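Right, one structure below, let's go through it.
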Amino acid sequence: MNLGSYWESIYRTKAADAVSWYRPHLDRSLSLIESALPLRSAAIIDVGGGESTLVDDLLAGGYQNLTVLDISHVALAVTRARLGGAAGSVRWICADVTRFPLAQPAYDLWHDRAVFHFLTEPQQRYDYIRAVQSGVRPGGHVIVSTFGSQGPNQCSGLDVMRYDAEGLHGEFGDRFRLIESSTEMHRTPFGTMQQFLYCYCRMA
């Protein structure tokens, strides 16, 4: 399967608020980011940011060094259009994170809500974690949110992985020091409930 084409099709045929992971604001993510990085000049990458409003809220909160990475041109175009002139202050990357070379540590914080659980093959997870290790500065922050152990087995027609905190942290290994983990129940636009797990780590 060509994942780029698959996700382009999803975003072309569904409105931003018509996908199961949609939330008007990613309050938990924003709270973790603000706690981890009070310095507004810190470099943040939102992986799988797509049509998420997290970048809007970070800009509104005064963050100045933001990157949004997503596999879908369509999703990024929607967000850029929504931001208007403010989009010029954000770096936009259209790429598969498991294949995009992050050759040097450039980021103080890596955020991902709902990408990692789509990586069902060990090699995909290995490549993703290698990208985190390459892209995040020593001592930097890593926030990853996936479906929890009681979450769904599929999303958008694709199989997904489900995690508890020990299992998710175990995927990343000893270079990542777990600071905190939590779960929250997410109500989808269709009225169903999904369990999300949040793990916040520091890089050694």
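Observations on the model:
- When the test is whether a residue is within 24 Å of TYR63 (Cβ to Cβ), in contact (Cβ under 8 Å) with a residue 24 or more places away in the chain and in contact with a Leu (Cβ under 9 Å, 6 or more places away or on another chain), HIS169 does not pass it.
- Test: TYR198 is aromatic (Phe, Trp, Tyr), out of contact with any His (no Cβ under 6 Å at 6 or more places or on another chain) and assigned to a strand (DSSP E or B): yes
- Subset of segment 150-174 [in contact with a helix residue (DSSP H, G or I) (Cβ under 8 Å, 6 or more places away or on another chain) and over 19 Å from GLN123 (Cβ atoms)]: GLY151, CYS155, SER156, ARG162
- Restricting attention to segment 17-34 and to residues that are part of a helix (DSSP H, G or I) and buried (at least 16 other Cβ atoms within 10 Å of the Cβ), the residue that is nearest to the chain's Cα centre (by Cα) turns out to be SER29.
- Looking only at segment 55-80, residues that are out of contact with any Lys or Arg (no Cβ under 8 Å at 6 or more places or on another chain), free of Cβ contacts under 8 Å to residues at least 60 places away in the same chain and of a type in the set (A, V, I, L, M, F, W, C) come to 7 in all.
- Filter result (over 17 Å from ALA36 (Cβ atoms) and either surrounded by 17 or more Cβ atoms within 10 Å (Cβ to Cβ) or among the aliphatic types (A, V, I, L, M) (or both)) within segment 184-204: MET185, HIS186, MET193, GLN194, PHE196, LEU197
- GLY48, sole failed condition from (1) surrounded by 19 or more Cβ atoms within 10 Å (Cβ to Cβ); (2) on the phi < 0 side of the Ramachandran plot; (3) within 15 Å of the chain's Cα centre (by Cα); (4) not aliphatic (A, V, I, L, M): (2)
- Residue in segment 46-54 that is assigned to a helix (DSSP H, G or I), at pLDDT 95 or above and closer than 26 Å to THR188 by Cβ present: yes
The values are calculated or read from the model by the stated rules, or taken from the named source; none is laboratory data. Model, not experiment: these values are computed from the prediction. Please note: Cβ atoms are built from the backbone with ideal geometry, for glycine as well, and neighbour counts cover all protein chains shown.
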